[in-house]
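Right, one structure below, let's go through it.
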């Protein structure tokens, strides 16, 4: 299994090794799919270097040899903050420093951000150089090989049993397959993925080497080992470490085992000696053997901590801000759903697709599954592209069940349901249990002509699982689809996938006949289904006769090509398999096929030739059949008859004179250089000879090393520049571009020289017309900030008379200063503005371009977005741009690229601008792109702001301690406030402390200051033992006073309090907490807003016009007033002191 099949985004399946010459390859795959193994084995085989992202970022790029092949693994694990920027941005920055290296990156499919990540990589590689591949599931032979490696007694029987237990989809995943083998070898077949991991991890942890089974290690229970392994995995995933060490080494990223108070040192050592961990015997370090297993064990350990008293808010905060997990911790977050079922809704709401992709949603209760799809529906509205490039179905196995039928039916039938979610539902049905109740809904979707074809294909696949009623539905659909223009491919899919419907060979011919009459046909609409394979041998002659009749009818070109391809495949089979060949009939078929004058596949011609040769050799009656075919009328030029013969072209005859001319030129160059050595100055040479000499040496990369050139350039710089400019002008005047190309590719002269040549030429070339000016400027347009180039361009623009180059100059100007050139843009007519759009598309490199994307400002992106929206659809007909690539969809693609690149900007302006576009009606066609860009921007911000804590800090937090940073302090205070609220609910009298009493009965709420003091009496005993002070009326900067300040050292958490009856209760977050207190240096923008709830009486309506009916409603209304950017730093609590039960 050193090579695996992969699938391109276009659907092509090929071995991973076939892409080894590509500059940049991204390998996507499910957790446990074998990405790391494939990278490691391929790196060894090809002499490449295997590195994790962290290892690569730690390397000095200067030490990586030019031309190296680098396999950089696990991008999804390192999306968090690295230095001064997000890790992926830092990664691409480092890649950009390498010299001509080929790069391979791996990432989990669900964590790949699709076009957004490609946009980041395109700063180093052109989009055409970036190949995204998806690792395919193991084939049957590969599954058998893995089973043998796992010492399964009978691999065939094992795979059959696994399939019968519902794990057939999981067998394509190497990790799942290996875990199943471990469990099956112990005579246990788990019912769920959770049970599989539980049993397999226990087995892996108990299988030590023989010497390890001696003494106390053998006395450890499964639970002790599972907890020890879970603690170690949690520490490695949560903390900023690379593993743990058993030896005394000075490496802060490898903490010593004896310093880890997670559990007993004995159980830690036992866990590390198991197959759950890998050991580096040179350094004595241990690290997790597989991330998926580590995520499972870490979640299991964290759940145990919760049951032992660690607050859930603290555990969730460790995974990401607001409990929303950062990318590399989504797996831990997902598995927690399975260990904490009572809190599953909390985890689902924060990351529903992560829960579905990385956990075990199949083992959820029916209610939790319904909650999951409800959350996915909300996510699809917020981010229609939430699924990205992920089309894996492994995590969906077993999720579908009858209780979900009403939910699925509504989602499929409603055309307003986001397309991504509908596909997800159909994927779930395709790999789930049969659901006959949905037969009619799936049938209606499949025959709906207004739905997308892939969606209809998926509905067909789901119908196949249903049984008799599904077959009946497909049989009926064949009739309905025959009347639809786009129904041809669906009918072909039914014929291919559902032989049980009872079709005949005539049905396939009818399908091709229908295809011939369609006015428009997408390429390869039937070829992909290989329908010729469905024709039985005895039916081939009749079908070919029918094909001949179809060829006689008028038809569109593409459909004719497909029919010829179909017939050629049948003819080859006929020659190979027919017991009695009818020679005249065969020649007649070939004659009709040849008469179509279409391009024939070389592979098919070769196959036909081989079939005829084989037939000649096996039967004397057919000897010479190829010669007879070649002489048959109409087949004289058929390419199958004889192998193609390479002919000598006339150009070969001309090689000697061309070689002679080159030798003469080089001899002349040598003579001129000899003159320079004898004292002649280059400027004394005839200008034509001088420019010929310079360009010849520049073309051969030898100009810069010549001493005479260095002296000449320094002494006569203007003459040197003028000489090169004159040569290029002469070329341009004759319509040639060879000299300009030599200058562009030259590496032995300073880049500034090239810019000076182009600047010198601008006024002359712009008058020549045609595309010459465009081709001259294009290689250097990114040097617009060069003073000389900018001055020259501005002078040309001011002089006017630019002709067709006016739009190019305006586009170049907009790339440099939108504000300065905007007036000129407004003066253009509609056609000219359209041309500007396409110049910007090509020059910016954002969609089609000739280089990577330009580093535009956020404002430029939005200005260009508005220009495209104004001109959309921006079609043109000009000498430069073809109507083929200036259609409405091209403008849409350019807009999508602009919006996608905005998401990469790590600044608040990017989000603000996207929100403005979302409210602009002229951007209605791109709302899905804008929503997805906002989601990508939020994810990147979340990852980039997450900094992994040190291992000591993580251990402290897991043991119930508190780190001293402001975020941890805020979390601690919120935990204690929640505990105070629980105490009030559990005690019938404590709430009275917040009320004034008369004769032992509560009368009226106490003043705010008195309530604060009561709250402090609860908080101080909880905080002071941990080293934190809690003081009232604490001094802030500018001599302000906050209600409560919790402080340790310079860290200060501010708490602003109000009674629910206060007139400013709805405004105090903005007007007091944020405006006066969180801006204090010690607060660092963090704060808590608290409200004492005394009941509904006297409460004012919130900003939404509603009067809260209880403390929970008031909390929800207050939280809704927070800006998204404030939610991580501002927390709210409403303490119910009303005494209501």
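The values are calculated or read from the model by the stated rules, or taken from the named source; none is laboratory data. Every value quoted in this text rests on a predicted model; they were computed, and no experiment measured them. Using ideal geometry, Cβ is built from the backbone for each residue, glycine included, and neighbour counts are taken over all protein chains shown.
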Requested in this report: Identify, from the list 178, 148, the residue that is surrounded by fewer than 21 Cβ atoms within 10 Å (Cβ to Cβ) and closer than 23 Å to residue 357 by Cβ.
Outcome: 178
Query raised in the report: Filter the stretch 997-1013 for residues that are within 53 Å of the chain's Cα centre (by Cα) and crowded, with 17+ Cβ neighbours inside 10 Å; which is farthest from residue 1045 (Cα to Cα)?
Result: 1011
Report task. Output the number of the condition that residue 632 fails; it satisfies all remaining conditions of (1) more than 23 Å from residue 566 (Cβ to Cβ); (2) more than 55 Å from the chain's Cα centre (by Cα). Result -> (1)
Report task. Within the stretch 424-433, identify whether any single residue is farther than 18 Å from residue 398 by Cα and part of a loop (DSSP other than H, G, I, E, B), and answer yes or no. Result -> no
Query raised in the report: Which strands (runs of 3 or more DSSP E) does the stretch 936-1043 wholly contain that include 2 or more residues that are over 28 Å from residue 310 (Cβ atoms) and modelled with pLDDT under 85?
Result: 1029-1035
Report task. Return a yes/no flag: does the stretch 28-47 have any residue that is buried (at least 20 other Cβ atoms within 10 Å of the Cβ), part of a strand (DSSP E or B) and not assigned by TED's automatic domain parsing to the domain that holds residue 175. Result -> yes
Report task. Please indicate, with yes or no, whether at least one residue in the stretch 70-79 is under 22 Å from the mean Cα position of the chain (by Cα), in a helix (DSSP H, G or I) and over 22 Å from residue 933 (Cα atoms). Result -> no
Report summary line: Sole miss for residue 489 among (1) in contact (Cβ under 8 Å) with a residue 24 or more places away in the chain; (2) within 29 Å of residue 505 (Cβ to Cβ); (3) not in a helix (DSSP H, G or I) is condition (3)
Query raised in the report: Can you tell me which residue in the stretch 985-996 is surrounded by the most Cβ atoms within 10 Å (Cβ to Cβ), limited to those that are more than 13 Å from residue 1017 (Cβ to Cβ) and within 54 Å of the chain's Cα centre (by Cα)?
Result: 991
Query raised in the report: Scanning the stretch 227-241 for residues that are within 27 Å of the chain's Cα centre (by Cα) and assigned to a helix (DSSP H, G or I), which turns out farthest from residue 949 (Cα to Cα)?
Result: 233
Report task. State whether one or more residues within the stretch 867-885 are surrounded by fewer than 17 Cβ atoms within 10 Å (Cβ to Cβ) and modelled with pLDDT of 90 or more. Result -> yes
**Report entry** Where residue 38 falls short, out of the listed (1) farther than 19 Å from residue 110 by Cβ; (2) in contact with a helix residue (DSSP H, G or I) (Cβ under 8 Å, 6 or more places away or on another chain)
**Finding:** (1)
Query raised in the report: Can you name the condition, by its number, that residue 1057 falls short on among (1) touching a residue at least 40 places away in the same chain (Cβ under 8 Å); (2) not in a strand (DSSP E or B)?
Result: (2)
Query raised in the report: Of the residues that make up the stretch 605-616, is at least one out of contact with any helix residue (DSSP H, G or I) (no Cβ under 6 Å at 6 or more places or on another chain), at pLDDT 85 or above and under 30 Å from residue 502 (Cβ atoms)?
Result: no
Requested in this report: Examine the stretch 1094-1101 for a residue that is within 45 Å of the chain's Cα centre (by Cα), surrounded by 14 or more Cβ atoms within 10 Å (Cβ to Cβ), part of a loop (DSSP other than H, G, I, E, B) and assigned by TED's automatic domain parsing to the domain that holds residue 989, and state whether such a residue exists.
Outcome: no
Query raised in the report: Can residue 569 be described as outside any loop (DSSP other than H, G, I, E, B) and assigned by TED's automatic domain parsing to the domain that holds residue 594?
Result: yes
Requested in this report: From the list 399, 355, pick out the single residue that is out of contact with any strand residue (DSSP E or B) (no Cβ under 7 Å at 6 or more places or on another chain) and part of a helix (DSSP H, G or I).
Outcome: 355
Report summary line: Filtering the stretch 95-145 down to residues that are in a helix (DSSP H, G or I), modelled with pLDDT under 90, buried (at least 18 other Cβ atoms within 10 Å of the Cβ) and out of contact with any strand residue (DSSP E or B) (no Cβ under 7 Å at 6 or more places or on another chain) yields 110, 111, 115, 116, 117, 119, 120, 127
**Report entry** Residue among 809, 814 that alone is over 20 Å from residue 751 (Cα atoms), within 33 Å of the chain's Cα centre (by Cα) and outside the structural domain of residue 735 (by TED's automatic domain parsing)
**Finding:** 814
**Report entry** the stretch 924-947 - residue that is in contact with a strand residue (DSSP E or B) (Cβ under 7 Å, 6 or more places away or on another chain) and surrounded by fewer than 18 Cβ atoms within 10 Å (Cβ to Cβ) and, of those, nearest to residue 893 (Cα to Cα)
**Finding:** 945
Report summary line: Restricting attention to the stretch 261-272, the residues that are crowded, with 18+ Cβ neighbours inside 10 Å, in contact (Cβ under 8 Å) with a residue 60 or more places away in the chain and part of a loop (DSSP other than H, G, I, E, B) number exactly 1
Query raised in the report: Given (1) assigned to a helix (DSSP H, G or I); (2) within 23 Å of residue 199 (Cβ to Cβ), where does residue 275 come up short, assuming only one miss?
Result: (1)
Query raised in the report: Going by the conditions given, is residue 846 modelled with pLDDT under 90, within 19 Å of residue 901 (Cβ to Cβ) and in a loop (DSSP other than H, G, I, E, B)?
Result: yes
Query - Every residue from the stretch 592-614 that is within 16 Å of residue 627 (Cβ to Cβ) and surrounded by 15 or more Cβ atoms within 10 Å (Cβ to Cβ) - result: 608, 609, 611, 612
